[in-house]
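Peer 1: Shown below is the structure under consideration.
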Amino acid sequence: MIAIFRQWSWDEEDRSLSVPGSERRVRVDNDLTNEGLFSIAALFLLIPPLLYRLQTSGTPLLGSPEAYGMAGYTAFVLEQFRQALPVLSNVEVYGDAPLLGVEPVSGLGRHVAFGLRLTFELVLIAGLLLSIEVSRRIVIGRDLREQIASLIDSKKDQNRTAVDHLFELARRGRTAARDLLQQCALGEVDVGKPTKASQSAAADGLVRLAELRPDYGMVLLTVAIDGYRRLRAEASDDPSFRSDVTGRLGVALYALGEREGGEAGKAHLEEAVSVFRATLEVHARDAMPSYWAMTQNNLANALKVLGGREGGQVGKARLEEAVSAYRAALEVRTRDTEPSDWAGTQNNLANALQVLGKREGGEAGKARLEEAVSAYRAALEVYTRASMPSDWAMTQNNLAIALYELGEREGGEAGKARLEEAVSAFRAALMVYTRDAMPSYWARTQSGLEVALKSLREWPVSKG
């Protein structure tokens, strides 16, 4: 019976995704209601004959059921079922007698009665739980089928609403919704062709979902990239839409390349750089300044990761390109007009400058680190602990690392002062990065703080 309910649950899930009949895990035309009811009835049909065989083989179980024939054994089973039901068992307060007066007469008979009641109770509990699961899947299936209809509708508002709903279900762990998002991104919904807006929005949803679910994020990003590429190929007659999809493709390629290592990650990052540059050739700064600045920031992110992975002059050149792209974005993203984006780009710029400063020696490296410190402090003018605690703590931690590096290079009282500033910044970050709330960030920041404190303790000896 449990197996039938489980297959019923599978069948509802496949139906919710409009899986063709030949590909379903359970190939039935209707649901499994009749099969489930039959499995329950089978318990009552099979147990009485089994008891009869035991009794007639010389094993005393029940008190003279032979007077009633097979009805006596059936009555005994029904009595145990009644006793197993939470509500019906309460009628015993009225002193009712067992059905047809059939009851156990030996220790073994009582064991059988106990076993039957326990079995019925477990079956009832399992059946209830599985029925709830089946009902839930039926409701979800109806909901998903409604969303599928909206995906192929020509109204863009309905497309976006449907995708947002699927994303929310997928975020909560609903596998069926996640699978449907992937199908839509690839344009492969079985009941019809999704609109271009639905496909693009579904691919966007997969990119967002990949950020939340790192366990299978790379798979989602790979599907999103495939979807964007298909849309680009189909949008040759719509240059504006094609350019928009190209920019989104670059974001997905960057996200995948950042996660991947080795040559595969490098290839995706390089492709992202090419895609962003192609987008900038289409969208001029004067025509679409905000989009242009966003693309410059995305280009710089990809260049920064590439430069961080590559050594020598090649890596340095990538990082310098990233710095130039961030500064280009900041020509449009100002603190007054776009304060949050401005602060984010300042933090990104500072990260690139810090990597460059660590690689370079002498005054050039020191100058890079000082620029990084200035950019971090600029970002902290917008990132406050009260309004944006996570961003504030991240920037405080980054600032502390740059200050520590500067202090180690400068020496003397100036270097000591930098280290003291670094300690203060680390401690500020730990106000948000607590051990209970964010253990990995807490451990990393705590480690940085301990290193800075150790350097301070040893400063008079080693640096004085």
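Peer 1: Please list, in chain and number order, the residues 5+ apart from A235 or on another chain whose amide H is under 5 Å from its amide H, with Hs placed from the backbone.
Peer 2: So A235 has HN proximity to no qualifying residue.
Peer 1: Now a separate question. Expressed as a rounded percentage, what relative contact order does segment 175-226 have, with Cα pairs under 8 Å and six or more residues apart?
Peer 2: This gives 35 percent for segment 175-226.
Peer 1: Sort all Cα-Cα distances of segment 193-239 into consecutive 10 angstrom bins from zero, then give the percent of pairs in each bin up to the one containing the longest distance.
Peer 2: 29, 48, 20, 3
Peer 1: Translational D (Stokes-Einstein, µm²/s) of segment 243-355 at 25 °C and 0.890 mPa s when Rh comes from the Kirkwood sum over C-alpha pairs?
Peer 2: 176 µm²/s
Peer 1: On to the next question. Return the whole-Å distance between the Cα centroid of segment 236-299 and the Cα centroid of segment 166-217.
Peer 2: After rounding, the separation between the Cα centres reads 21 Å.
Peer 1: Any of K366/K416; K266/K366; K196/K266 with alpha carbons more than 21 Å apart? Name them for me.
Peer 2: Correct reply: K266/K366; K196/K266.
Peer 1: Relative contact order for segment 202-270: what percent, with Cα pairs under 8 Å and sequence separation of 6 or more?
Peer 2: Relative contact order, segment 202-270: 25 percent.
Peer 1: Note the full-extension length gain between M288 and V314 as 0.36 nm times their separation in residues minus their Cα-Cα distance, in nm to one decimal.
Peer 2: 6.2 nm
Peer 1: May I pose another question? Of all the C-alpha pairs in segment 292-407, what % are more than 23 Å from each other?
Peer 2: The share of Cα pairs beyond 23 Å in segment 292-407 comes to 25 percent.
Peer 1: Highest first, please rank the peptides 181-187, 258-264 by the mean number of other Cβ atoms sitting within 10 Å of their residues.
Peer 2: 181-187, 258-264
Peer 1: A further question follows. Rounded to the nearest 0.05, what FRET efficiency is calculated for E260 and F114 with R0 set to 51 Å and r the Cβ-Cβ distance?
Peer 2: After rounding, the FRET efficiency stands at 0.30.
Peer 1: What is the Cα convex hull volume of segment 378-464 when expressed per residue in Å³?
Peer 2: Dividing the Cα hull volume of segment 378-464 by its residue count gives 78 Å³.
Peer 1: Return the distance in nm (one decimal) between the two label points of a simple spin-label model at S387 and D436, each offset 7 Å from Cα along Cα→Cβ.
Peer 2: 2.9 nm
Where a number appears in this text, it was derived from the coordinates with a stated rule and is not lab data. No experiment lies behind these values; they were computed from the predicted model shown. Using ideal geometry, Cβ is built from the backbone for each residue, glycine included, and neighbour counts are taken over all protein chains shown.
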